[in-house]
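The values are calculated or read from the model by the stated rules, or taken from the named source; none is laboratory data. Just so it is clear, the model here is predicted, and its values are computed rather than measured. Using ideal geometry, Cβ is built from the backbone for each residue, glycine included, and neighbour counts are taken over all protein chains shown.
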Amino acid sequence: MNLGLLLSAIVFGFGIVLAAGLAGHPVDGQLPSDWGWSLLMIGGASLFAFGYVGWRRATGRP
């Protein structure tokens, strides 16, 4: 569970870096902003899902 949260946070952080344009395209200098926004959405959804499951497990709810 903690590994899932950690990996989701890494994906989310990398998405922020790409969406902000801090890391450019390695070949021709174009910004891969579509990839950045996709990683932001995937990372955010994964963080929410893993966090919700962890919260339910920690509080003893089925």
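Looking only at residues in segment 17-56 that are loosely packed, with under 11 Cβ neighbours inside 10 Å and charged (D, E, K, R), which one is modelled with the lowest pLDDT?
Among those that are loosely packed, with under 11 Cβ neighbours inside 10 Å and charged (D, E, K, R), it is D28.
Show the residue pairs meeting these rules: Cβ distance below 6 Å; 6+ apart or different chains; first residue within segment 22-43 and closer than 26 Å to L6 by Cα; second residue among the polar types (S, T, N, Q) and modelled with pLDDT of 60 or more.
Close Cβ pairs satisfying both conditions: G43/S8.
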